[in-house]
Amino acid sequence: MPDIRDFILKNLSLESAPGLPEIVLYRAHAGSRLSRLGDTPPYWAYHWAGGTVLARYILDHPEIVRGKSLIDLGSGSGVVGIAAMKVGAKAVTAIDIDPHATAATLLNAQANGVNLTAFTGELTAPPQADLILGGDVFYDPVLAEKMSGFFSECVAAGIEVLVGDMGRKPLPIEWLEPLAQYEVPDFGQAQMLKAKVFSFKGKWSQTP
């Protein structure tokens, strides 16, 4: 398997992020041959509506992140964390289970002139942070249940949680408060899609 950092630099194109002209990302193209990296889906090499809408919201409302310590959970390309650092976040830690995403995030951050921390792994307890950002983390029912419980623990610990999503079926809409809606591009779609930014209120916050 090739060295991921060298592979990205040689085989992906540094381009403006779709819907986010303020940010550049290393993006896949027809000649990238991402299959050489193994069987893990290279989500980090493409744009997704949830991450895009969350990054757009942050760029449009810098007061949301300014001076705060953030977690970009399921970071993919790192676009959400990069947006936060560009508008004044105190610190960003980008976390993804794919080591290739970690490498891509660090390269993308460097290309945008920002510094953030990135590591491969999972969070199992509420972290030391002011705000958690989760773009496109409700695409699977099992994962959605896991994320709902974890985010609820974070909210109970006093950590704000913002979610970006295009309205996938597993999205726990009853625990979310919509904050904004944008028309943004999504990978594999020819047309612009409506995606929303939500504040996660907690799985156990509803009154019976």
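Keeping to segment 18-47, report how many residues are farther than 15 Å from A103 by Cβ, open to solvent by 50 Å² or more (accessible area, probe 1.4 Å) and assigned to a loop (DSSP other than H, G, I, E, B).
Residues flagged as farther than 15 Å from A103 by Cβ, open to solvent by 50 Å² or more (accessible area, probe 1.4 Å) and assigned to a loop (DSSP other than H, G, I, E, B) within segment 18-47 amount to 6.
Of the conditions (1) in a helix (DSSP H, G or I); (2) open to solvent by 70 Å² or more (accessible area, probe 1.4 Å), T52 fails just one. Which one is it?
Among (1) in a helix (DSSP H, G or I); (2) open to solvent by 70 Å² or more (accessible area, probe 1.4 Å), T52 violates only (2).
One line per residue, one yes/no per condition, for (1) in contact with a helix residue (DSSP H, G or I) (Cβ under 7 Å, 6 or more places away or on another chain); (2) closer than 24 Å to L162 by Cβ:
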{"position": "I8", "(1), (2)": "yes, no"}
{"position": "E63", "(1), (2)": "no, yes"}
{"position": "I97", "(1), (2)": "no, yes"}
{"position": "A109", "(1), (2)": "yes, yes"}
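E183 is checked against (1) modelled with pLDDT under 90; (2) of a type outside the set (A, V, I, L, M); (3) assigned to a strand (DSSP E or B) and fails just one. What number does that condition carry?
Against the list (1) modelled with pLDDT under 90; (2) of a type outside the set (A, V, I, L, M); (3) assigned to a strand (DSSP E or B), E183 comes up short only on (1).
If the Cβ limit is 6 Å and pairs must be 6+ apart or interchain, which residue in segment 179-203 that is on the phi > 0 side of the Ramachandran plot pairs with which residue that is crowded, with 19+ Cβ neighbours inside 10 Å?
G202/S152; G202/V155
Could you list, in sequence order, the residues of segment 1-17 that are open to solvent by 20 Å² or more (accessible area, probe 1.4 Å), of a type in the set (A, V, I, L, M, F, W, C) and in a loop (DSSP other than H, G, I, E, B)?
Within segment 1-17, just M1 meets the criteria.
Looking at segment 128-147 only, could you name the residues that are more than 21 Å from G67 (Cα to Cα), among the charged types (D, E, K, R) and either open to solvent by 60 Å² or more (accessible area, probe 1.4 Å) or touching a Pro at 6+ places or on another chain (Cβ under 9 Å) (or both)?
Across segment 128-147, the qualifying residues are D140, E145, K146.
Only one residue in A84, A45, A94, A17 is touching a Gly at 6+ places or on another chain (Cβ under 8 Å) and at pLDDT 95 or above, so which one is that?
Testing whether each residue is touching a Gly at 6+ places or on another chain (Cβ under 8 Å) and at pLDDT 95 or above leaves just A94.
Can you tell me which residue in segment 123-158 is farthest from G74 (Cα to Cα), limited to those that are in a helix (DSSP H, G or I) and polar (S, T, N, Q)?
If we take residues in segment 123-158 being in a helix (DSSP H, G or I) and polar (S, T, N, Q), then S152 is farthest from G74 (Cα to Cα).
The values are calculated or read from the model by the stated rules, or taken from the named source; none is laboratory data. From a predicted model like this one, the values you see are computed outputs, not experimental measurements. FYI the Cβ positions are ideal-geometry reconstructions off the backbone, even for glycines, and counts take in every protein chain you see. Each accessible area value is taken on the protein alone, full model and side chains, heavy atoms only, with ligands, DNA and RNA left out. Shrake-Rupley method; radii C 1.70, N 1.55, O 1.52, S 1.80 Å.
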